[in-house]
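Following: one structure in structure tokens, then a few remarks.
Nothing in this text is a laboratory measurement; each read-out follows from the coordinates by a stated rule. From a predicted model like this one, the values you see are computed outputs, not experimental measurements. Note that each Cβ is placed from the backbone with ideal geometry, even for glycine, and that neighbours are counted across all protein chains shown.
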Amino acid sequence: VQLQASGGGLVQPGGSSRLSCALSGSIFSLNIMGWYRQASGKQRELVAIIGRGSVATTNYAESVKGRFTISRDNAKNTVYLQMNSLKPEDTAVYYCKSVGPKNTYWGQGTQVTVSS
């Protein structure tokens, strides 16, 4: 099983960026998918999660509500995190997480830096 994250980089405050995370080796549609982040010197925290099935309920950290959107494309085995109105405090390494019926997997992390 492999989670491959992409996107991120350097973004100006107020800008946007989209992260992608592709899952291989597992049945994507059965997995709950999430994005977490870890800023330097801080603990890893939940950013957003999206459920499985046709409803695909979403939940967000208060700090990103109204700015970030998590979505999934089961046909492409990919979860996305659209980040708008980025702030310097959003700077962190972002990780995707897959929670399946039997196992949990983490992606390798991708750096997002919000700075002018």
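Charge tally for residue 32 (other residues, Cβ to Cβ under 12 Å; Lys, Arg +1; Asp, Glu -1): +3.
Of the residues 12, 82, 43, the one that moves most in a GNM of the chain with alpha-carbon contacts below 10 Å is 43. Restricting to the chain, what percent of DSSP beta bridges are antiparallel, rounded to 5? Percent antiparallel among DSSP bridges in the chain is about 95. For segment 72-82, putting each phi into the Karplus relation 6.51 cos²θ - 1.76 cosθ + 1.60 with θ = phi - 60° gives couplings of 9, 10, 5, 5, 9, 6, 9, 10, 10, 10, 8 Hz, in residue order, rounded to whole numbers and with x for Gly and Pro.
When its C-alpha radius of gyration is set against 2.2 N^0.38 Å (N residues), segment 1-87 gives a value of 1.10.
The peptide list 22-29, 93-100, put in order of mean Cβ contacts within 10 Å with the highest first, becomes 93-100, 22-29. Peptides 53-59, 30-36, 101-107, 69-75 ranked from most to least packed, by the mean per-residue count of other Cβ atoms within 10 Å: 30-36, 69-75, 101-107, 53-59. Mean separation of Cα pairs under 8 Å and 6 or more residues apart, divided by the residue count, gives segment 16-109 a relative contact order of 35 percent.
Each other residue within a Cβ distance under 11 Å of residue 89 adds +1 if Lys or Arg and -1 if Asp or Glu, for a net charge of +2.
For the pair segment 72-108 / segment 1-43, the C-alpha centres are spaced 3 Å from each other. Here's the picture: charge each Lys and Arg Cβ at +1 and each Asp and Glu Cβ at -1 in the chain, and of 17, 41, 60 the one pushed furthest to the positive end of that dipole is 60.
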